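Trainee: Below is the structure I would like to discuss, written out as structure tokens.
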Amino acid sequence: ATTALADGRRRRLGRPEALARTRSLRRPASRTSPPGAAMADASNGGDEFNRHDGGGVSILGVDGRRYTVDESTASYFYEIEALLQTDPETPEQFEERTILAGNALEEAVGYEMALSMDARCSRIVEKLLTAAGDDDLVRFLAGITKEATDFYVLCKSLFGSRVAEHALGCVAAKVGKTPTEELLRKLEPCIRAVADGIVAEAVNCAYDPRVSPVARKFLSVLSGRECAPVAKAGGLAGKLKGGTSKAGAFADSGIGRPDRHRFEDELKAFADAMLAALEPELWNLTEDACGSAFLQAMLNAHQGDAAALNWIVPGFLGCAPAVGTPEGELLADADEKDVRQLMDSRAGSHLFEAILRAAPPKLLNEIFRRFFRGKLRALASHPSANFVLQAFLGATGDADHVATALMELGQDFGSLMRERRAGVVAAILAACARTRSGERDAAKSLARGLTAKMPARKEGRSQLAPALLWMNQHSGAGGGRCDVLGAAMLQTILKFPPDAIPQFIESVASMTPGEATSAACDAGGSRALEAFLGSHAHRPRDKKDVVQSLGGDWAKLATSACGSHVLEAAYGAADQRTRENIVSAMSRAESQIQGTRHGPHLLRRLGVSQFRADPEQWNKRAKQAEDVKADFAREFGMEEEEEEDNRGSKKRKTEDVAQEENANEVDAEEDEEDEEDEEDEEDE
């Protein structure tokens, strides 16, 4: 079956009955009144369209007008609703849905506002827009921007704002990375109309909880990237990048190319007009949740554009540098008290975090020089400003900034962790790992802070690693889950050069079987152990000690979702005999492991079924695999291995010296602790 399109082409449909259904749902040719007449009668307050008992739709907009749909059109869309219950799966079904959407949106001409603001019909319109073609989508956008105030009125509606946001999302999907010139030409008047509608009510759009998300979505369409502020951008992973991420780079810096086509001229014009209209209310917007979110989206839309950010960021901080002001003096007129108030504010601190993530390096350095340097201790203690400091440490790539942070906060690591400000310490450690600077000083400061109020050793074993993993629990490994920040800090510290963290390596290697197993079965602790076992920088002897600590119950690790990753890392770091013990223990508990979600993959990866069938053949294959791996290492890593062998004795001597230094440091710390206890008793 085929159907003729508007341009004369014919498309094939998958099922004749679907085509019949689509044709039957076309509106009758005779209408009681044309769409224009219906709207005119509504504007005149006609009683015929104010009643709801006739089956039509009647919505009162914020502009005082009543937007209506007659009974026959409403019934038509209610019938279409039944056809949209299931999502299309085959190409034929997708084509049928596109034709259905085109027919329905053609019948909606003149009724776009009323249908979009109705609770039931708005959901139908959203589904139709998802399947609509380019021309149908452009026609719908033209319908909701016909008059200057239409788009704002639509966005003020509870359901209309959702349709408007969804329509903009469909525009972004249609545009993609390489849109055609024809599509851009068709969208140009619609984009201009939407921009004019938002700018005309700029202040209300920024404050309103319904319109502000639509304005942020429009920024995403113009910039080619998602601009709405999300928790992930300013979350723990973003502030610890380089410490807990494998890449150790600026994953969310936004400096990369946009994901979609960027409307460069339209974005510049919209940003200029919006910021000019918002200038009188700019400082108040920073204290409002919706207003702050819109300003954050504006920053995200301009990420990577240093020229634009060099005048947007100073405006957000309360100053307007003159044209031609050199870099480094852009914030000379900013009031330090106002900036500090912004950091201390709950909504303002989120905006300041977005500023730090988006600021170009030279502007970021000026922000640090004027508002951070010399004030880090006060910022680290504040309930809101400490998150701003973490965002700065996650955004900077300057080793001088990291050195300053260590100098001002290194001696206070212990007190910060006791004050529940461990996120600042974790951000400093991640910055050290990312910039590859200050690792030794950071490790010493962390060890000193951990042992300030607790014994450094217990039964001859270093307590640094357990103190981090169970940082806020007095019962240690028996107390339950590992601390998220503590595990992240341990994972970060283990990425430092081994000669900078001998005390932490010793502590991880000397963990008891109970501590090692408890950490391996935890989401955070497993990542720390997996990072240690999978790193080529640490000595095989230390890895062997950790593997032995984990060897108490391999089946427990195999049945744990987190422990299975540690088991694989331990298998890779173990010798042949230990590997055989691991696989043997897994074969005895194969039925339990098979019942887990990850079990079949783990059993197949380690060859448990082959081991149970023929252990000797499994051993032979495992040895062959090790020989191939050794040959590869000799072929491509000979120089590194020889260098490591030559430095073996030197490393052992360095370790002995480090252990002596650690012992001396522990004695000195115990003396300081005794003195502090005596002072506390005297004060009491």
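Trainee: Being more than 35 Å from the chain's Cα centre (by Cα), part of a helix (DSSP H, G or I) and touching a residue at least 60 places away in the same chain (Cβ under 8 Å) narrows it down to one residue among ALA114, ALA104; which is it?
Mentor: Of ALA114, ALA104, the one residue that is more than 35 Å from the chain's Cα centre (by Cα), part of a helix (DSSP H, G or I) and touching a residue at least 60 places away in the same chain (Cβ under 8 Å) is ALA104.
Trainee: All but one of (1) closer than 21 Å to ALA195 by Cβ; (2) in contact (Cβ under 8 Å) with a residue 60 or more places away in the chain; (3) buried (at least 22 other Cβ atoms within 10 Å of the Cβ) hold for THR286; state the number of the condition that does not hold.
Mentor: Of everything listed in (1) closer than 21 Å to ALA195 by Cβ; (2) in contact (Cβ under 8 Å) with a residue 60 or more places away in the chain; (3) buried (at least 22 other Cβ atoms within 10 Å of the Cβ), THR286 misses just condition (1).
Trainee: Residues that are among the hydrophobic types (A, V, I, L, M, F, W, C) and open to solvent by 10 Å² or more (accessible area, probe 1.4 Å): list the helices (runs of 4 or more DSSP H) wholly contained in region 345-459 that include at least 3 such residues.
Mentor: 399-409
Trainee: Search region 161-178 for residues being surrounded by fewer than 19 Cβ atoms within 10 Å (Cβ to Cβ) and of a type in the set (Gly, Ala, Ser), and hand back the single one that is modelled with the lowest pLDDT.
Mentor: GLY176
Trainee: Let me ask you something else. Please tell me if ALA589 is aliphatic (A, V, I, L, M) and farther than 21 Å from ALA528 by Cα.
Mentor: Yes; evaluated as a whole, the condition is true for this residue.
Trainee: A further question on this structure: Checking the structure you have, find out if any residue of region 473-488 is open to solvent by less than 40 Å² (accessible area, probe 1.4 Å), of a type in the set (A, V, I, L, M) and more than 32 Å from the chain's Cα centre (by Cα).
Mentor: No, because not a single residue in region 473-488 is open to solvent by less than 40 Å² (accessible area, probe 1.4 Å), of a type in the set (A, V, I, L, M) and more than 32 Å from the chain's Cα centre (by Cα).
Trainee: Would you confirm whether any residue within region 174-189 is small (Gly, Ala, Ser) and assigned to a helix (DSSP H, G or I)?
Mentor: The answer is no; no qualifying residue exists.
Each row is one residue, and each column tells you yes or no for (1) free of Cβ contacts under 8 Å to residues at least 12 places away in the same chain; (2) more than 29 Å from LEU550 (Cα to Cα); (3) in contact with a helix residue (DSSP H, G or I) (Cβ under 8 Å, 6 or more places away or on another chain).
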site	(1), (2), (3)
ALA403	no, yes, no
MET407	yes, yes, no
CYS432	no, yes, yes
ARG448	no, no, yes
ALA487	no, no, yes
ALA500	no, no, yes
GLU506	no, no, yes
GLU515	no, no, yes
ALA519	no, no, yes
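Trainee: Here is a further query. Are any residues in region 567-581 open to solvent by 10 Å² or more (accessible area, probe 1.4 Å) and either part of a helix (DSSP H, G or I) or aromatic (Phe, Trp, Tyr) (or both), and if so, which ones?
Mentor: If the condition is that a residue be open to solvent by 10 Å² or more (accessible area, probe 1.4 Å) and either part of a helix (DSSP H, G or I) or aromatic (Phe, Trp, Tyr) (or both), then GLU568, ALA569, TYR571, GLY572, ALA573, GLN576, ARG577, THR578, ARG579, GLU580, ASN581 are the ones that fit.
Trainee: Is it true that ALA200 is surrounded by 20 or more Cβ atoms within 10 Å (Cβ to Cβ), over 27 Å from GLU107 (Cβ atoms) and among the aliphatic types (A, V, I, L, M)?
Mentor: No: the conditions fail for ALA200.
Trainee: Here's another thing I want to ask about it. Across region 179-192, which residue is most open to solvent (accessible area, probe 1.4 Å) among those that are among the aliphatic types (A, V, I, L, M) and farther than 20 Å from CYS227 by Cα?
Mentor: LEU184
Trainee: Counting only residues that are buried (at least 19 other Cβ atoms within 10 Å of the Cβ), farther than 24 Å from ASP63 by Cβ and either touching a strand residue (DSSP E or B) at 6+ places or on another chain (Cβ under 8 Å) or of a type outside the set (A, V, I, L, M, F, W, C) (or both), how many does region 117-132 have?
Mentor: 1
Trainee: Suppose we filter SER564, SER584 for residues that are in contact with a His (Cβ under 9 Å, 6 or more places away or on another chain), part of a helix (DSSP H, G or I) and not acidic (Asp, Glu); which single one remains?
Mentor: SER564
Trainee: Right, here's the next one. Could you tell me whether region 335-344 includes any residue that is farther than 20 Å from SER292 by Cβ, open to solvent by 50 Å² or more (accessible area, probe 1.4 Å) and part of a helix (DSSP H, G or I)?
Mentor: Yes, some residue in region 335-344 is farther than 20 Å from SER292 by Cβ, open to solvent by 50 Å² or more (accessible area, probe 1.4 Å) and part of a helix (DSSP H, G or I).
Per-residue answers, yes or no, for (1) open to solvent by less than 50 Å² (accessible area, probe 1.4 Å); (2) more than 20 Å from LEU158 (Cα to Cα); (3) assigned to a helix (DSSP H, G or I):
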{"position": "VAL62", "(1), (2), (3)": "no, no, no"}
{"position": "SER72", "(1), (2), (3)": "no, yes, yes"}
{"position": "GLU79", "(1), (2), (3)": "no, yes, yes"}
{"position": "GLU96", "(1), (2), (3)": "yes, yes, yes"}
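The values are calculated or read from the model by the stated rules, or taken from the named source; none is laboratory data. Computed from a predicted model, the values in this text were never measured in an experiment. Please note: Cβ atoms are built from the backbone with ideal geometry, for glycine as well, and neighbour counts cover all protein chains shown. Heads up: the accessible areas ignore ligands, DNA and RNA and are worked out on the full protein's heavy atoms, side chains in. Shrake-Rupley method; radii C 1.70, N 1.55, O 1.52, S 1.80 Å.
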